[in-house]
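To keep things clear, I will list the structure first and then write my remarks on it.
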């Protein structure tokens with residue numbers, strides 16, 4: 001359970017404390033009040049750029065000094081009574097605005113270590129276009145789902161990204177790159193890429209099985225398929241990179257590898273690509289994937305505390321689908337955070353939820 005969440009100089013929150021959390025946590029207020037800012041702050045307690053994918057410079061409030069801090073107390077399942085919770089924190093110092101700091105129990109740590117303590121997933125209104133955007137958005141979504149199952153995925157993805165960036169730099173240089181240096185970079189890229197690709201493929205397979213066990217209603221059920229952007233095995237990928245050097249040097253970028261992976265999504269029953277489905281069907285499929293992933297984690301050996309951040313998810317669901325969503329969330333062990341402009345859509349869970357009214361970057365607990 002995540003509790004005692006503190007936001008300092010983050011977005012429009014000067015000093016905000018969120019205490020007394022429950023399984024369901026509701027943030028209610030007008031548009032622009034700062035509800036999503038709370039969810040974004042929580043999302044930063046995981047590797048990556050958070051649910052908005054914003055730059056560090058955009059996160060401190062404009063009226064503050066250029067720094068911000070987010071911290072929380074985490075009590076993992078099975079923690080003995082009386083034992084102190086794990087303290088997680090992240091932020092930016094005003095004098096070093098481009099460097100994100102992370103602390104675990106007061107000790108500085110790399111951001112990838114956050115994945116060892118907490119699994120966080122989210123749905124936001126911006127993700128409603130996931131199926132019609134470029135493949136990069138779907139890869140990021142998939143990687144977030146993989147990270148919830150495999151904490152080491154963040155490190156592998158970072159190594160892949162670094163090796164890919166270095167290879168692209170060498171390919172775009174005016175002078176021909178040293179083949180031996182390319183060999184070394186490509187081996188790093190292939191080894192990290194193989195682990196990333198294998199983790200993605202495994203997750204898609206497991207998720208497809210979980211989706212198959214879900215009913216066709218009330219949420220449209222999608223079918224998933226993993227389409228690799230190159231060989232999955234490390235040695236085969238290294239050979240493909242080596243043989244592709246002339247073509248890729250002309251293009252000045254790497255054209256083969258996991259950075260070109262795709263997730264193919266179709267609506268089961270209609271055999272229709274998700275991109276061609278209605279907006280409502282796409283939203284329902286996105287919720288179905290999230291619920292299937294949550295169920296997958298429930299039946300796995302995953303021991304990390306889990307959070308689901310659902311921004312304005314209930315607003316566009318009819319009462320039947322809202323009730324089904326709440327029932328499935330209630331049956332799981334994840335701590336759920338939801339936002340909305342009014343309490344009415346959450347009537348079914350209001351009596352069991354912790355509720356805060358959000359206004360102009362401040363929170364007031366509603367009893």
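Could you count how many residues in the range 299-318 are outside any loop (DSSP other than H, G, I, E, B) and surrounded by fewer than 16 Cβ atoms within 10 Å (Cβ to Cβ)?
Within the range 299-318, the subset outside any loop (DSSP other than H, G, I, E, B) is 306-310, 314-316.
When the remaining residues are screened for being surrounded by fewer than 16 Cβ atoms within 10 Å (Cβ to Cβ), the result is 315-316.
Of the residues in that region, 2 qualify.
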Checklist outcome for this item: Within the range 3-41, the residues that are within 13 Å of residue 359 (Cα to Cα), assigned to a strand (DSSP E or B) and under 22 Å from the mean Cα position of the chain (by Cα) are 27
Checklist entry - Among (1) more than 30 Å from residue 286 (Cα to Cα); (2) within 22 Å of the chain's Cα centre (by Cα), which single condition is residue 224 missing? => result (1)
Checklist outcome for this item: Scanning the range 261-274 for residues that are touching a residue at least 24 places away in the same chain (Cβ under 8 Å) and either in a loop (DSSP other than H, G, I, E, B) or touching a helix residue (DSSP H, G or I) at 6+ places or on another chain (Cβ under 8 Å) (or both) gives 261, 262, 263, 265, 266, 267, 268, 269, 274
Checklist entry - Does residue 200 meet the test of being out of contact with any helix residue (DSSP H, G or I) (no Cβ under 8 Å at 6 or more places or on another chain), assigned to a helix (DSSP H, G or I), at pLDDT 95 or above and closer than 28 Å to residue 278 by Cα? => result no
Checklist entry - Any chance the range 210-224 includes a residue that's modelled with pLDDT of 95 or more and either assigned to a loop (DSSP other than H, G, I, E, B) or closer than 20 Å to residue 191 by Cβ (or both)? => result no
Next on the checklist: Can you find, within the range 12-51, the residue that is surrounded by the most Cβ atoms within 10 Å (Cβ to Cβ) among those that are without any contact (Cβ under 8 Å) to a residue 24 or more places away in the chain and within 20 Å of residue 98 (Cα to Cα)?
Outcome noted: 50
Checklist entry - When residues of the range 60-89 are filtered for being within 16 Å of residue 13 (Cβ to Cβ) and part of a loop (DSSP other than H, G, I, E, B), how many remain? => result 7
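Of all the residues that make up the range 50-59, how many are more than 16 Å from residue 311 (Cβ to Cβ), out of contact with any strand residue (DSSP E or B) (no Cβ under 8 Å at 6 or more places or on another chain) and outside any helix (DSSP H, G or I)?
First, the residues of the range 50-59 that are more than 16 Å from residue 311 (Cβ to Cβ): 55-59.
Those left that are additionally out of contact with any strand residue (DSSP E or B) (no Cβ under 8 Å at 6 or more places or on another chain): 55, 58.
Subset that is outside any helix (DSSP H, G or I): 55.
Final tally of qualifying residues: 1.
On the given criteria, is residue 134 more than 14 Å from the chain's Cα centre (by Cα) and surrounded by 15 or more Cβ atoms within 10 Å (Cβ to Cβ)?
Spelling it out, it is not the case that residue 134 is more than 14 Å from the chain's Cα centre (by Cα) and surrounded by 15 or more Cβ atoms within 10 Å (Cβ to Cβ).
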Checklist outcome for this item: Those residues of the range 336-345 which are within 21 Å of residue 2 (Cβ to Cβ) and surrounded by 20 or more Cβ atoms within 10 Å (Cβ to Cβ) amount to 336, 337, 338, 339
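The values are calculated or read from the model by the stated rules, or taken from the named source; none is laboratory data. Note that the coordinates shown come from a computational prediction; the quantities given were computed from them, not determined experimentally. Don't worry about glycine lacking a Cβ; one is built from the backbone with ideal geometry, like all the others, and counts go over all protein chains shown.
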